[in-house]
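The values are calculated or read from the model by the stated rules, or taken from the named source; none is laboratory data. Since this is a predicted model, take the numbers as computed values, not measurements. Every residue, glycine among them, receives a Cβ derived from its backbone with ideal geometry; neighbour counts consider all protein chains shown.
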Amino acid sequence: MQLTVLGCYGPYPVAGESCSGYLLQDEETTVLLDCGNGVLSQLLYYCEPANLDAIILSHLHSDHIGDIKILRYMLLNMPTNQSLTVYAPSEPTKEFELIPYKHCLQVKPLSTTTKIKLGRMYFSFTAGVHSVPSYIATVEMNGKKLVYSGDTEYFDGLNDVVKGADLFLCEANYLRQDIEKGHANHLAAFQAAQAAAAGGVKRLVLTHHHPDRNPLQALAEAQQVFPPTELARTGSVYFL
C-alpha cells in the first residue's frame, strides 16, 4: 500500500500548496482520501480521476472537499454507465446533498458502522471530535495498518484507535499554546505525539499544517514526545 500526499494545509494553503488530499494505491486499487482545494491538480500527476475506485471524505469542510465540485466536470467525460462513489458524512445536510452530480458522482453516507472493502483495502471509521461530524479512517491491508485522523481534537479512546498503526497520518493544526488558550476542534502536535506513543505507532506523519506558522514548530513539539515523527510534504510517498 502506497500513500502519496497531494495536499497538507488547512484551513487554507500557503502559496503553491494545497489543502488536505491523500492518495492510497496498490497494484489494483486507487482511493482518494479527502479532496481539498488544489488537490485535483496534484492528483493529475499520478492518475486520471476516472481511474479512482472511490473517494472518502473525512468531513464536509471546504478545505477537505473544495475540489469535489471541480472534479465532477472532469468526470463528465466518463461513459454514462460509469459512476464514481464518494463516501462522506451525511451532515451538514446541505453540503452532502451537493456532492452527487449527474451520472458521474454518487454519494453514500459514512458513519461509525460503515465498512468498506476496496480491492485488498479494508476501511473502518471512528467518530472524531470536531465542529461537524468528522471520521478517523483506519485502513488495513496485508497485516499493515494506516490511520488518518481527519480533523479532530483529542478525546478518550484516540490512543486505542491508533494502536499498533504502521503509519499514523495525523492533523496538527495547533501547538501546545493553542490548547492552553482553550482552542478546540483540532489536535496540537504534542497531542498527536502522545497518542502515537501511547498507541505504539511505528511512524507519525503530521499534516494539516497551519498556513501562518512554520511546520517545523509542530515537528519540534511532537519529536520531544515521539521522536519518529515526520512532516507531510506535498509529493511525499510512504510505503506500507
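Quick rundown of the values:
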| read-out | value |
| --- | --- |
| Criterion (more than 23 Å from Lys69 (Cβ to Cβ) and in a loop (DSSP other than H, G, I, E, B)) met by exactly one of Asp160, Asp156, Asp151 | Asp156 |
| Contacts under 7 angstrom Cβ, first residue in the stretch 110-133 being free of Cβ contacts under 8 Å to residues at least 12 places away in the same chain and closer than 23 Å to Ala192 by Cα, partner part of a loop (DSSP other than H, G, I, E, B) and of a type in the set (Phe, Trp, Tyr), 6 or more apart | none |
| Evaluation of Asp156 against (1) at pLDDT below 95; (2) closer than 30 Å to Thr80 by Cα (one fails), failing number | (2) |
| Residue selected from the stretch 167-183 under the condition touching a helix residue (DSSP H, G or I) at 6+ places or on another chain (Cβ under 8 Å), crowded, with 24+ Cβ neighbours inside 10 Å and among the hydrophobic types (A, V, I, L, M, F, W, C), by the criterion farthest from Thr152 (Cα to Cα) | Phe168 |
| Residues of the stretch 203-218 satisfying the condition of being of a type outside the set (Ser, Thr, Tyr) and touching a strand residue (DSSP E or B) at 6+ places or on another chain (Cβ under 7 Å) | Arg203, Leu204, Val205, Leu206, His208, His209, Pro211, Pro215, Ala218 |
| Tally, over the stretch 6-40, of residues that are out of contact with any strand residue (DSSP E or B) (no Cβ under 6 Å at 6 or more places or on another chain) and closer than 28 Å to Tyr174 by Cβ | 6 |
| Among (1) surrounded by 23 or more Cβ atoms within 10 Å (Cβ to Cβ); (2) assigned to a loop (DSSP other than H, G, I, E, B), the one test that Ala137 misses | (2) |
| Residue in the stretch 89-110 that is modelled with pLDDT under 95, surrounded by 14 or more Cβ atoms within 10 Å (Cβ to Cβ) and among the basic types (Lys, Arg) present | no |
| Residue satisfying all of: in the stretch 111-134; hydrophobic (A, V, I, L, M, F, W, C) and either at pLDDT below 95 or not in a strand (DSSP E or B) (or both); surrounded by the most Cβ atoms within 10 Å (Cβ to Cβ) among these | Val129 |
| Residues of the stretch 180-195 classified as in a helix (DSSP H, G or I) and in contact (Cβ under 8 Å) with a residue 24 or more places away in the chain, total | 7 |
| Some residue of the stretch 140-153 being in contact (Cβ under 8 Å) with a residue 12 or more places away in the chain, of a type in the set (Lys, Arg) and either touching a helix residue (DSSP H, G or I) at 6+ places or on another chain (Cβ under 6 Å) or closer than 17 Å to Leu206 by Cα (or both) | yes |
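So that you can scan it fast, the table gives a plain yes or no per residue for (1) within 21 Å of Leu118 (Cβ to Cβ); (2) touching a helix residue (DSSP H, G or I) at 6+ places or on another chain (Cβ under 9 Å):
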residue: Val14; (1), (2): no, no
residue: Ser18; (1), (2): no, yes
residue: Leu23; (1), (2): yes, yes
residue: Glu28; (1), (2): yes, no
residue: Val31; (1), (2): yes, no
residue: Pro89; (1), (2): yes, yes
